[in-house]
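The values are calculated or read from the model by the stated rules, or taken from the named source; none is laboratory data. For clarity, every value in this text was computed on a predicted model and none was experimentally measured. All Cβ positions, glycine included, derive from the backbone under ideal geometry; neighbour counts span all protein chains shown. These accessible areas exclude ligands, DNA and RNA; they are computed on the full protein's heavy atoms, side chains included. Shrake-Rupley method; radii C 1.70, N 1.55, O 1.52, S 1.80 Å.
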Amino acid sequence: RGGGAGGGGAVLMFRVNRAFVSKRRRLQLTTRVVKESADENKATHKAIADDRRLYLQALLVRVMKSRRTLTHNELIAQCSALAAKRFQPSVAMIKRCIELLIEQDYIERKDGDANVYLYVA
């Protein structure tokens, strides 16, 4: 390293020691950990929420396709049980997904009984 307190630019040089021998197979090199900014953090959380919402919608359609007719509580219970492998969805999130699927005509409510859902083929 050249230069002193008042001297010019400091130069740092590294040399590879080709005679170095280690009994360890792996060398540990520390790297600098970079933290996410607030904007990146928000974007990550939004992407996760979108992925979960789409996963829940696909899960609801699969359950309804196999069962054809389910009550609200049965659908919520099955959806929670199946989604628990990936994450624990809230009941409000499941309800929102059900409403979206009703709007998109994947499922519908039974006439005369709003507590029963029917799969629309």
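Values computed for the structure shown
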{"item": "Qualifying residue in the stretch 31-47 (condition: free of Cβ contacts under 8 Å to residues at least 60 places away in the same chain, surrounded by 10 or more Cβ atoms within 10 Å (Cβ to Cβ), touching a helix residue (DSSP H, G or I) at 6+ places or on another chain (Cβ under 8 Å) and hydroxyl-bearing (Ser, Thr, Tyr))", "result": "no"}
{"item": "Inter-residue pairs, beta-carbon under 8 Å, first exposed (fewer than 10 other Cβ atoms within 10 Å of the Cβ) and in the stretch 4-17, second of a type in the set (Phe, Trp, Tyr) and at pLDDT below 90, 6+ apart", "result": "none"}
{"item": "Residue list for the stretch 79-120, restricted to those being more than 18 Å from the chain's Cα centre (by Cα) and part of a loop (DSSP other than H, G, I, E, B)", "result": "GLN104, ASP105, TYR106, ASP111, GLY112, VAL120"}
{"item": "Subset of the stretch 76-118 [in contact (Cβ under 8 Å) with a residue 40 or more places away in the chain, open to solvent by less than 90 Å² (accessible area, probe 1.4 Å) and out of contact with any strand residue (DSSP E or B) (no Cβ under 6 Å at 6 or more places or on another chain)]", "result": "MET93, CYS97, LEU100"}
{"item": "Flag if LEU70 is surrounded by 13 or more Cβ atoms within 10 Å (Cβ to Cβ), in a helix (DSSP H, G or I) and out of contact with any Ser or Thr (no Cβ under 8 Å at 6 or more places or on another chain)", "result": "no"}
